[in-house]
Amino acid sequence: MKIAVGCDHGGLNLKGQVIRAIIDNSHEYIDFGTDTLDSVDYPDYAEKVALAVINGQADKGILLCGTGIGISIAANKFKGIRCAHVTDAFSAQMCVEHNNANIMAMGGRISDSSDAYDFTTKYLKASFAGGRHDIRVKKIELIEDKNFK
Ligand code: RB5
């Protein structure tokens, strides 16, 4: 898979281990920045990664900000994006198995680098379970169809 990665300054501390986990699991990545600790606005990076996933440039995305909250809220404003804000290993796996998440968001002021490596590995190894979960994800798509302009 090709994984789009984006972060603001608050999530930059996790990006190295996220990329390391992507490489160690034999996937490719596209790095949409940021690359310095200069203050930037997380919606700009959420947009880059969300569009890469929607347009098929990437199969999945990983977003990082201070908490993972702002960047996940922004990503979820794009139709077709299911961005899961993850702070534990179980959720990193379940967000794919049950929710077919196509972006995972983590917080650089919540998780440490070794957590980020672990969560990324679990997210990449997980597969959507389908079945009853597919019915539920399709209901989310119906909500999008009704409410997105
Ligand atoms: C930036 O200071 C911080 O607000 C941002 O990284 C993120 O935590 C927002 O949700």
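The values are calculated or read from the model by the stated rules, or taken from the named source; none is laboratory data. Only a predicted model underlies this, so the values are computations on that prediction, with no experimental measurement involved. Cβ atoms come from the backbone with ideal geometry, glycine included; neighbour counts cover every protein chain shown. In case anyone asks, the SASA skips ligands and DNA or RNA and just uses the protein heavy atoms, side chains included. Shrake-Rupley method; radii C 1.70, N 1.55, O 1.52, S 1.80 Å.
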Farthest positive-ward along the range 18-137 dipole, Cα basis, beta-carbon charges - from SER26, HIS98, THR121: HIS98
Given Cα pairs under 8 Å that are at least 6 residues apart, what percent is the relative contact order of the range 14-131? 29
Give the shape of the range 84-135 as rounded, prolate or oblate, defined through the alpha-carbon gyration tensor: a ≥ b ≥ c are the square roots of its eigenvalues, a/c under 1.5 means rounded, and otherwise the shape is prolate if a/b is larger than b/c and oblate if not. prolate
Rounded percent of accessible protein surface that carbon and sulfur make up, the chain, 1.4 Å probe: 50
Computed E for PHE148/ASP38 - FRET, C-beta separation, R0 35 angstrom, nearest 0.05: 0.60
Which whole number of Å³ per residue matches the convex hull of the alpha-carbon atoms in the range 19-149? 103
Keeping all protein chains in place, calculate the accessible area per residue for the chain (probe 1.4 angstrom), answer in Å². 50
Please tell me the relative contact order of the range 13-71 in percent, rounded to the nearest whole number, where contacts are Cα pairs under 8 Å and at least six residues apart. 28
What's the whole-number percent of alpha carbon pairs in the range 1-40 lying beyond 14 angstrom? 42
